Amino acid sequence: MMSGIQFGKRAAWAVLILLLSVGVLPAGNAPGAAPAQSDGLAAPVARGQRVFTCGHSFHVFVYHLIDEMAKSAGYADHQSVGTSRIGGSRVIQHWDVPEEKNEAKAALRAGKVDVLTLSPIWLPDEGIENFARLGLEHNPNIRITVQEFWLPNDTYEPIYPLDVRKKVDHDATDIAELRKQHARYFRDMEDYVRGINKRLGKNAVLIVPVAQAALELREKIVAGQAPGLKKQWDLFRDSWGHPTAPLQVLAGYCHYAVIYRRSPVGLPIPPELAKANNPDWDARLNRLLQELAWDAVTRHPLGGVRAAPPAE
């Protein structure tokens with residue numbers, strides 16, 4: 001015969017299961033819901049962030065994507081503060097914009113920025129630390145994100161001037177070799193960012209691992225496991241690597257995950273996919289992009305989502 005305590009426990013579990021099954025209680029990481037803290041994830045960001053973006057054509061599109069995704073997740077107070085757009089730019093070029101025209105510096109000095117997103121072409125440069133120090137001076141809680149992007153021309157050749165006319169067949173790219181090329185790039189980027197954080201004395205500079213997510217997506221395309229994407233060329237507009245809508249959206253989800261420390265899984269299809277006139281770019285593809293982004297961000301030690309030790 002069951003005791004009253006045993007019966008009470010069984011009844012409580014039955015009610016919990018019923019509530020989960022009918023959707024009264026959130027199960028898993030629904031959009032806007034806090035991820036489980038038992039798995040070592042940092043606390044989600046509770047309020048809308050004020051975002052400024054400096055970058056080039058492999059990055060600036062995330063500015064409006066972050067805005068769309070944040071608001072669709074319920075962050076009505078998310079603010080898009082401004083952009084600095086320079087084609088093929090290093091970060092230092094945005095820093096060196098004349099003072100009277102430098103909207104990024106003005107916004108930072110006014111304390112209007114919570115997150116500054118950056119993306120150097122090839123290797124990071126002193127512009128990142130310059131912006132980080134200026135931002136921290138006026139907002140001690142500011143975060144600076146640096147985008148690791150897919151390698152131009154599918155190879156790691158960090159030289160200037162940029163080789164934008166090289167003929168590359170993305171479908172012929174060997175994924176195993178591409179991973180080796182990216183590994184060198186990741187090491188250089190991560191060493192640089194760790195050095196900045198050590199000098200700053202805090203983990204103010206984060207990495208958005210778009211390239212890791214893109215590599216996983218390309219591997220799934222080759223394996224025939226990416227709904228709506230039949231070949232690697234489906235991600236690119238040219239040999240250099242300018243992104244089509246699916247790769248842009250993947251980058252947007254990675255940035256959303258880093259900025260808000262929340263899973264993008266469950267967010268609606270963004271306009272970039274919905275208006276692409278490709279019926280195969282549907283909810284299944286959108287879900288895959290969300291899952292790949294969240295997986296890449298939660299695994300990266302410098303993404304700020306997985307709880308990290310203080311800067312050395």
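A quick yes/no check of all residues on (1) within 24 Å of H64 (Cβ to Cβ); (2) touching a Lys or Arg at 6+ places or on another chain (Cβ under 8 Å); (3) not in a helix (DSSP H, G or I):
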site	(1), (2), (3)
A104	yes, no, no
L116	yes, yes, yes
I121	yes, yes, yes
G127	yes, yes, no
L134	no, yes, no
P140	no, no, yes
I144	yes, no, yes
W150	yes, no, yes
N153	no, yes, no
- Query: Looking at (1) within 18 Å of the chain's Cα centre (by Cα); (2) among the acidic types (D, E); (3) outside any helix (DSSP H, G or I), which is the one condition that is false for D77?
  - Reply: (1)
- Task: Take region 38-88 and flag every residue that is more than 21 Å from R306 (Cβ to Cβ), small (G, A, S) and in contact with a strand residue (DSSP E or B) (Cβ under 7 Å, 6 or more places away or on another chain).
- Result: G48, G55, S80, G82, S84
- Among residues of region 152-194, those that are without any contact (Cβ under 8 Å) to a residue 60 or more places away in the chain, within 12 Å of L123 (Cα to Cα) and charged (D, E, K, R), counted: 4
- Would you check which residues across region 254-280 are more than 30 Å from R165 (Cβ to Cβ), out of contact with any Ser or Thr (no Cβ under 9 Å at 6 or more places or on another chain) and in contact (Cβ under 8 Å) with a residue 60 or more places away in the chain and list them? Y256, Y260, R261, R262, P264, V265, G266, P271
- Message: Any residue that is closer than 28 Å to E272 by Cβ, surrounded by 21 or more Cβ atoms within 10 Å (Cβ to Cβ), within 16 Å of the chain's Cα centre (by Cα) and among the polar types (S, T, N, Q) - is there at least one of those in region 44-64?
- Response: yes
- Note on the structure: Condition set more than 22 Å from T145 (Cα to Cα) and acidic (D, E), scope region 263-308, selection nearest to the chain's Cα centre (by Cα): answer is E272
- In this structure, is L162 closer than 24 Å to V62 by Cα, assigned to a loop (DSSP other than H, G, I, E, B), more than 21 Å from the chain's Cα centre (by Cα) and not acidic (D, E)? yes
- So how many residues does region 232-253 have that are among the small types (G, A, S) and either without any contact (Cβ under 8 Å) to a residue 60 or more places away in the chain or more than 19 Å from E219 (Cα to Cα) (or both)? 2
- Task: Go through (1) surrounded by 13 or more Cβ atoms within 10 Å (Cβ to Cβ); (2) modelled with pLDDT of 95 or more; (3) in a loop (DSSP other than H, G, I, E, B) and name the single condition R194 misses.
- Result: (3)
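Out of I128, I142, I86, I need the residue that is at pLDDT 95 or above, touching a helix residue (DSSP H, G or I) at 6+ places or on another chain (Cβ under 9 Å), among the β-branched types (V, I, T) and surrounded by fewer than 19 Cβ atoms within 10 Å (Cβ to Cβ). Which one? Break it down stepwise before answering.
Working: I128 fails: surrounded by fewer than 19 Cβ atoms within 10 Å (Cβ to Cβ); I142 fails: surrounded by fewer than 19 Cβ atoms within 10 Å (Cβ to Cβ).
I86 is the lone residue from the list that is at pLDDT 95 or above, touching a helix residue (DSSP H, G or I) at 6+ places or on another chain (Cβ under 9 Å), among the β-branched types (V, I, T) and surrounded by fewer than 19 Cβ atoms within 10 Å (Cβ to Cβ).
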- Task: Scan region 155-173 for residues that are charged (D, E, K, R) and at pLDDT 95 or above and jot them down.
- Result: D169, D171
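The values are calculated or read from the model by the stated rules, or taken from the named source; none is laboratory data. Not measured: the values here are computed from a predicted model. No Cβ is skipped: glycine too gets one built from the backbone with ideal geometry, and neighbour counts run over all protein chains shown.
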